[in-house]
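K.L.:
What follows is a single structure, and I will ask about it in a moment.
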Amino acid sequence: MKIIAYLKTGCPWCIEMKKFFEDNHIDFIEKNVTENTEYMDEMIELSGQFKAPTVVIDDVVYADTDAEAIKKVLEL
């Protein structure tokens, strides 16, 4: 399973998402859209919006999501 998390610096929902992945020992690729405009462009192209966190799990995009929603997707 490949997981990419598009996150923003200082965003409380993004901090929660990162903590969720780390606490559950889930491998993910973090792409900070605040620090890298190319990642922001990727996120917008994938999701059609500027909101984070946006998570991609095996090519399925979960835009403007939260840790609880991703927990359900991963069936944890």
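What follows draws every value from the coordinates through simple rules; no lab data is involved. Remember, predicted model here, so these are calculated numbers, not experimental data. Here the Cβ positions follow ideal geometry from the backbone for every residue, glycine too, while neighbour counts run over all protein chains shown.
K.L.:
Taking the 0 to 90 degree range and rounding to the nearest ten, how far is the long axis of helix 37-47 tilted relative to the main principal axis of the chain, both from C-alpha atoms?
P.N.:
Tilt of helix 37-47: around 70 degrees.
K.L.:
Need one number: nm distance between label points at MET1 and ILE57, each 7 Å from Cα along Cα→Cβ, rounded to one decimal.
P.N.:
0.5 nm
K.L.:
How much FRET efficiency would the formula 1/(1 + (r/R0)^6) give for LEU76 and LYS19, where r is the Cβ-Cβ distance and R0 is 22 Å, rounded to 0.05?
P.N.:
After rounding, the FRET efficiency stands at 0.95.
K.L.:
Give me the angle, in degrees from 0 to 90, between the Cα long axis of helix 12-23 and the longest principal axis of the Cα atoms of the chain, rounded to the nearest 10.
P.N.:
Roughly 40 degrees between the two axes.
K.L.:
How much length is gained if the chain between THR37 and CYS11 is pulled fully straight, taking 0.36 nm per residue apart and subtracting their Cα-Cα distance, in nm to one decimal?
P.N.:
Additional length available on full extension: 7.7 nm.
K.L.:
For the chain, report the % of Cα-Cα distances exceeding 19 Å.
P.N.:
So the pairs more than 19 Å apart make up 23 percent of the total in the chain.
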